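What follows is one structure encoded as structure tokens, with my remarks underneath.
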Amino acid sequence: MSPTVPLYPLVIVPAALALFLFWRRLSLHLRVLRAGRPLRRSDRPLERIKGVLIYVIAQRRLLNDLGPGLAHAFIFWGFLVLLATTGNYLSNGLVEAIIGWPLGGLLWDAVTAVANLLIGLIIIAIAYAGMRRIVRRPPRLALSRDAFVILALIGIVVVTEVFGDAFRFAAAPSLGARPFAALAGPLSLLLEPLGSQTATIGFGVFAWAHILVVLAFLTYLPYSKHLHIFTSEPNVYFRNLEPRGALRLMDLEAEAPAGQEVVFGAKSLKDLTWRHLLDPLSCTECGRCMEFCPASMTGKTLSPKHFMEGLRDQIVAAETALSAAASSQRAARGGVATGVEASDASLQLARDRATEALSLPLVDNAIPEEAVWQCTTCGWCVEGCPVLIEHVDSIVEIRRNLVLEESRFPKELNTAFRNMESAGNPWGQPRSARLDWAKGLEVSVLDGDGAVSRTKSDAFAGMEGGVLYWVGCAGAFDERNRKVVRAMAQLLAQAEVPFAVLGPRETCSGDPARRAGNEYLYQMLAQENVATLTAAHETHGIGTVVASCPHCFNTIRNEYPQLGLAGIDVLHHTQLLDRLVADGRLRASRPNPAAVAYHDACYLGRYNDVYEPGRRVVDAVPGASVVEMDLHHRRGMCCGAGGARMWMEEREGQRINHRRTEQALALSPDAIATACPFCLIMLRDGTSDLGRTDVPVRDVAELLAEATGAWALQAGARQ
């Protein structure tokens, strides 16, 4: 017969205390979450559950970094199984009785076997984690006392369980699970000479030690970053299922509830949604978000990890104030009950401090102001985070508040905002110049009444079912990128694809304004474009928009539907070119032997999962081959232009475009290829600044146009 935990009924005392302390702290977390803005994320439950299985149970993103990923996975999976064995200690054998009953104990034997195996892996994982933090010390990991406390607690939990089981087997050698316990079984053989009575005492000691350490662990969790054990599941479940490239649409005409003021964006904790307040409580401090963050990599102030830590520190300060206010309120109620009146002034002071804590500005508390503007919104932090924290959304909300309410933003943005508002493009060029790139080409232009005019001839008659080519501001006004859109127009003509452009009726998509926080300007530009595109769809049957700029592509595809755009398929030009090559409508016959370093544009790749079409277009050129940088596809590094950084100066650390260009040049390529006008500008400037003008930076459309003969390369077109 298995020995039982001595004095077991007394376990109710430490268990009740641990649960009380756990809930008291957790209730403060919940109060702060309830103070945040509402957000509906209860749709598509099956997809949400699937996400929990993939990202939490299967540890998908952690396993991208195999060594530490496996160590964490062993600990996590081990604790899932140890819920049963630890529950057996806490229930004094009840779990074993329930699980072991259906199959005569075989199921419990299996649980014991798996638990012992995983305990061994957990011990190895703890040793690896300790060595990694002390000896190897990756830059993204801090030497955290909290981490070592947790590792020590985990180690004590599993060691006390192994010794508890071993003493139990030594006291009752006939227990059926003994042969299946890979660790506790052999250890029990060493302990058996101590005798049954001593083994029973040993079991009692380690059983109580195991129970008390588990309860101490539970009590400590809400005060630790390891609260993510409980918060990562809801954080993943309530993740954003809308397209990643779609920011929240702000209601610019919203009216505040009675007694409150309208706040645009996020000024303080209570202006973030409850889901984004859950982010810092779920942060594991693993540093994966900052590992390839272009700002962090190049020595700037911004660190997505430190941003989450700053938010959590601010939440803790708010919780301290809320706790003090609650204590004052309880004291006031107790005073009334006993006839002793509490001080109204002290009670009001406590309430005011709680309100102030929730209203403390985020800027220069949770995040330095300069760091707010260093974000390129490239999305690496969101892509790398194992618990799906949405850093970019929170940073953009802070930008919105700074721009719309305080007019605090880098001075360079003044010019860009003014140009977008007055001229419809950040360059400040007149709308009448939007067709200058097409001089000498046969390009159809959609007029305002739906009619089609042509710059040279009627060669593109029959627009029904054709495409609208969205040139974009860079393609229309930047001299280098004009060569790209000319190449694209000639490829479409060669493939006999009927297309038209909007010419002067096209205006900036609004992406730079929105990412910079100027939601008002974005909506003004976007509504104009949505009306134009809707009219083109309804009056002329345009069903496809093709954009060369990934920022325009993302905005039209993912954000314009928020303003009512519907019924239009949006493609990036690499997708269309890839189809045309696959269908044999474009044939690359002219060889170009070249090793081409391919750069992934963030708003094409990470935001819209378009990686391969551009590579296939390069591979279609005879003799050309793609060579991959160390950081590519989902791990690709930003060029530095996103998030309206194209219009801002870099004043700290290394220039981001220089770092990315160095990564490309390390491959000794014959050319660098991309499929984004901003990336083209940044990488071209990078090669020029680094003295490597011998390595041309090309758009994939240019490479293909040369190979098909669609474009006779003009002097200077390579740079």
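The single residue among 41, 25 that is basic (Lys, Arg) and either within 25 Å of the chain's Cα centre (by Cα) or under 15 Å from residue 235 (Cβ atoms) (or both) turns out to be 41.
Select from segment 371-395 the residues that are of a type in the set (Phe, Trp, Tyr) and either outside any helix (DSSP H, G or I) or closer than 16 Å to residue 312 by Cβ (or both) and list them in ascending order.
Keep residues of segment 371-395 that are of a type in the set (Phe, Trp, Tyr), which gives 373, 380.
Residue satisfying the conditions is 373 alone.
Name the residue, out of 574, 539, that is among the hydroxyl-bearing types (Ser, Thr, Tyr), more than 18 Å from residue 471 (Cα to Cα), in a helix (DSSP H, G or I) and in contact (Cβ under 8 Å) with a residue 12 or more places away in the chain.
Numbers: 574 fails: more than 18 Å from residue 471 (Cα to Cα).
Within the list 574, 539, the selection yields 539.
Exactly one residue among 118, 141, 82, 153 is surrounded by fewer than 21 Cβ atoms within 10 Å (Cβ to Cβ) and either polar (S, T, N, Q) or part of a helix (DSSP H, G or I) (or both), and that residue is 153.
So which helices (runs of 4 or more DSSP H) stay within segment 582-699 end to end and still have 1 or more residues that are within 24 Å of the chain's Cα centre (by Cα) and farther than 20 Å from residue 552 by Cα?
Values: elements: 612-619, 656-665, 677-689.
Because the criterion is at least 1 residues that are within 24 Å of the chain's Cα centre (by Cα) and farther than 20 Å from residue 552 by Cα, the helices (runs of 4 or more DSSP H) in segment 582-699 that meet it are 656-665.
So, in segment 352-409, of the ones that are under 15 Å from residue 642 (Cα atoms) and among the aromatic types (Phe, Trp, Tyr), which residue ends up surrounded by the most Cβ atoms within 10 Å (Cβ to Cβ)? Step by step, filter segment 352-409, then rank; the result is 380.
Apart from one condition, residue 567 fits all of (1) modelled with pLDDT of 95 or more; (2) more than 25 Å from the chain's Cα centre (by Cα); the exception is (1).
When you check residue 31 against the structure, is it in contact (Cβ under 8 Å) with a residue 24 or more places away in the chain, charged (D, E, K, R), part of a loop (DSSP other than H, G, I, E, B) and outside the structural domain of residue 315 (by TED's automatic domain parsing), yes or no? Working first, answer last.
On the way: in contact (Cβ under 8 Å) with a residue 24 or more places away in the chain: yes; charged (D, E, K, R): yes; part of a loop (DSSP other than H, G, I, E, B): no; outside the structural domain of residue 315 (by TED's automatic domain parsing): yes.
Criteria not met by residue 31.
Within segment 218-249, if we keep just the residues that are polar (S, T, N, Q) and part of a helix (DSSP H, G or I), the residue that is surrounded by the fewest Cβ atoms within 10 Å (Cβ to Cβ) turns out to be 219.
Contact annotation: residue pairs with Cβ atoms under 6 Å, 6 or more positions apart or on different chains, pairing a residue in segment 265-281 that is on the phi > 0 side of the Ramachandran plot and part of a loop (DSSP other than H, G, I, E, B) with a partner that is crowded, with 22+ Cβ neighbours inside 10 Å and among the polar types (S, T, N, Q), are 265/401.
Annotation: residue 652 fulfils all but one of (1) out of contact with any helix residue (DSSP H, G or I) (no Cβ under 8 Å at 6 or more places or on another chain); (2) touching a residue at least 12 places away in the same chain (Cβ under 8 Å); the unmet one is (1). Only one of the numbered conditions (1) in a loop (DSSP other than H, G, I, E, B); (2) over 27 Å from residue 322 (Cβ atoms); (3) touching a helix residue (DSSP H, G or I) at 6+ places or on another chain (Cβ under 9 Å); (4) not aliphatic (A, V, I, L, M) is violated by residue 284, and that is (2).
Does residue 178 satisfy being out of contact with any helix residue (DSSP H, G or I) (no Cβ under 6 Å at 6 or more places or on another chain) and not aromatic (Phe, Trp, Tyr)? It would help to see each step written out before you state the result.
Values: out of contact with any helix residue (DSSP H, G or I) (no Cβ under 6 Å at 6 or more places or on another chain): no; not aromatic (Phe, Trp, Tyr): yes.
Criteria not met by residue 178.
Only one of the listed residues (305, 267) is more than 28 Å from residue 65 (Cα to Cα) and at pLDDT 95 or above. That residue is 267. Scan segment 603-615 and tell me whether some residue there is in the same structural domain as residue 687 (by TED's automatic domain parsing), farther than 30 Å from residue 417 by Cβ, touching a residue at least 60 places away in the same chain (Cβ under 8 Å) and crowded, with 21+ Cβ neighbours inside 10 Å. Yes. Part of a loop (DSSP other than H, G, I, E, B), over 27 Å from the mean Cα position of the chain (by Cα) and more than 15 Å from residue 474 (Cβ to Cβ) - does that describe any residue in segment 396-405? No: zero hits.
The values are calculated or read from the model by the stated rules, or taken from the named source; none is laboratory data. All values derive from a computational prediction rather than experimental measurement. In this analysis, Cβ positions are derived from the backbone assuming ideal geometry, glycine residues included, and neighbour counts consider all displayed protein chains.
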